[in-house]
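Chemist: Have a look at the structure that comes next, please.
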Amino acid sequence: MERVLDCLKKYSDTIRILERVENFESYSLSLEINNLTTSLDWGDISFISSLVNERDVVSLSISVNEADPFSFNLKENSNQISLWENINTIIDEESILTLTYRVGKNKVDSTISIYELEVFTDFLLEQKLLFLLNHFHKNIDLSTLNKFEVHNDASGQIYFQNSTILFASVNRSVETYQPATNETRDIVLRNRILNTNPQNFSKYNFIPNDFSGIYEGEPTNIFNLFNKIKVVFAASYLANVSDIKSHNNTIQLGIIGHNYLEVTSDIKNLNFSFANSFYEIYKWVYMNADINDRIDLARNIITRYFKFDQDKWNLPLDTLSSIQSAHAIYLKENVEKYIETKNKVAEITTELSVKSRDVADYFITTFKNNNLTLLTYFISIFIFNSLSDNSDKKIFTEEKYYLSMVFLFISACYLLITRRQFYRDLKVTVRYFYSIKRIYRDIFDKNELNNLFNKRHFQYNVRNIIQTVNRFSWIWLVEIILLYVSSIYFTYFL
């Protein structure tokens, strides 16, 4: 209530906020005013009533020098001003005033006022999870949209929105979404009871979708809180056993799959930002009425991928892709076949890398052989000339010159043929990569298939191989030119 403070600052420079508290039922603001410079005006004291929604009631309790307080109902003007004038006569510049405003909230058409969102959020964050869920259970109607109108924001922002819960500025008009039908919710809840043991979670009819939403601007604490609850509920819907302990605010999960996981974590300081995959997996598992095979497969993969400690949960983003791929193969055979197939694909991708390197190695080997042949020929010319009786004669005769041209011509042709063969082999390798990828697209999920056959990594290898071959081709060509120029020089100019 910054506007209330601004209104009172003209009376004193020493206004201290004693307490600000807001919950679902009420909002209260306590102030202490010292060193008054002038008498207080009733209009300024009761200014807060203009900021309070009509459906709510607001009262004021004022104490002078810690004496018994006077009480005012600011929605009723009768006798309020005259009583205030009597109080004002006992107030002087040395008086210490304690003002306590209290707003009683009334819920009308599933709408509740929020006067200071940060204070209200702090209240929620201070609650243990079990108590927080009790507040939500009492104040949120799951059959309609529950609107929380934020009064201390004129920007028209949406802080959190889904089909069940909306936190937005009071002056913001929004498009509403149809809440989940009772039939849909009942199916999800029934599947949870049949496939999990939720213990304390079973007291509440919330589903993870109730805490998944959108926002505008930067994510606020209220959004982060709902996101945390969403992950907690999603994990509980997937675990074999789940529970919340109120005495130490911990969540307990037991998951039986490929491994057995027993998780006990303090919710207050736990980082859930790396565990959003739980919600995506929950949506995929519970999207159909029959979830038995899906939830078993999910547990198998989760127990292999899920890492946790007291401060952080970590479930990789590609976990859902692995589960979906496992399910696709499960529908044909079983999970073991999925693992076998994935290992086979890993062998194929390794083979492709080796094959690509072999193509480049073939060109480099050809370059070395050509070098050895040319150097052997030209060195032998110099050696034979130095050992001959007429060593003062020209090193290159016309016969040696023409023979050298033949060797250099053959070397140039060999370069062109080898490069053509290189690009042909490389093209075959690239086609093989994409053909194998197409073969497995009916087995693996698209995202996981792209991870196994990483196009960017493959193209990076191809570029490196082409750059290597081009570099050696230039060396080869420069060598031919140098030997050609040298032959002409030693034949006609030396």
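Chemist: Any residue in segment 306-333 that is under 13 Å from Phe278 (Cα atoms) and aromatic (Phe, Trp, Tyr) sitting within a Cβ distance under 8 Å of a residue that is assigned to a loop (DSSP other than H, G, I, E, B) and open to solvent by less than 80 Å² (accessible area, probe 1.4 Å)? List the pairs, counting only those 6 or more apart or interchain.
Modeler: Partner pairs satisfying both residue conditions: Phe306/Leu315; Trp313/Leu270; Trp313/Ala275; Trp313/Phe306.
Chemist: Shifting gears a bit: So in segment 266-283, with the set limited to residues that are open to solvent by less than 40 Å² (accessible area, probe 1.4 Å) and modelled with pLDDT under 90, which one is farthest from Phe123 (Cα to Cα)?
Modeler: Phe272
Chemist: Can you pull out the strands (runs of 3 or more DSSP E) entirely within segment 140-233 that have at least 1 residues that are assigned by the TED database to the domain that holds Asp290 and of a type in the set (Gly, Ala, Ser)?
Modeler: Details: elements: 146-150, 158-161, 165-169.
It comes to 165-169.
Chemist: Quick check, is Arg419 modelled with pLDDT under 75 and in contact with a helix residue (DSSP H, G or I) (Cβ under 8 Å, 6 or more places away or on another chain)?
Modeler: no
Chemist: Select the strands (runs of 3 or more DSSP E) contained entirely in segment 50-116, then report the ones holding at least 3 residues which are modelled with pLDDT of 85 or more, open to solvent by less than 80 Å² (accessible area, probe 1.4 Å) and of a type in the set (Ser, Thr, Tyr). Explain how you work it out, then say what you get.
Modeler: Working: elements: 57-64, 70-73, 97-104, 111-114.
Because the criterion is at least 3 residues that are modelled with pLDDT of 85 or more, open to solvent by less than 80 Å² (accessible area, probe 1.4 Å) and of a type in the set (Ser, Thr, Tyr), the strands (runs of 3 or more DSSP E) in segment 50-116 that meet it are 57-64, 97-104.
Chemist: Looking only at segment 447-490, how many residues end up being aliphatic (A, V, I, L, M), modelled with pLDDT under 75 and open to solvent by 50 Å² or more (accessible area, probe 1.4 Å)?
Modeler: 0
Chemist: Moving on to the next point. Going residue by residue through segment 33-49, is there one that turns out to be within 14 Å of Lys105 (Cα to Cα) and either part of a strand (DSSP E or B) or open to solvent by less than 60 Å² (accessible area, probe 1.4 Å) (or both)?
Modeler: yes
Chemist: State all residues of segment 284-297 that are part of a loop (DSSP other than H, G, I, E, B) and surrounded by 20 or more Cβ atoms within 10 Å (Cβ to Cβ); if no residue qualifies, say none.
Modeler: Listed by number, the residues that qualify are Tyr286, Ile291.
Chemist: Next question. Going by the structure shown, is Ser212 over 20 Å from the mean Cα position of the chain (by Cα), open to solvent by 10 Å² or more (accessible area, probe 1.4 Å) and small (Gly, Ala, Ser)? Outline the logic, then answer.
Modeler: Numbers: over 20 Å from the mean Cα position of the chain (by Cα): no; open to solvent by 10 Å² or more (accessible area, probe 1.4 Å): yes; small (Gly, Ala, Ser): yes.
No: the conditions fail for Ser212.
The values are calculated or read from the model by the stated rules, or taken from the named source; none is laboratory data. Computed from a prediction, not measured in an experiment: that's the story for all the values here. Please note: Cβ atoms are built from the backbone with ideal geometry, for glycine as well, and neighbour counts cover all protein chains shown. Ligands, DNA and RNA are stripped out before the accessible areas are found, and what is left, the full protein with its side chains, is counted by its heavy atoms. Shrake-Rupley method; radii C 1.70, N 1.55, O 1.52, S 1.80 Å.
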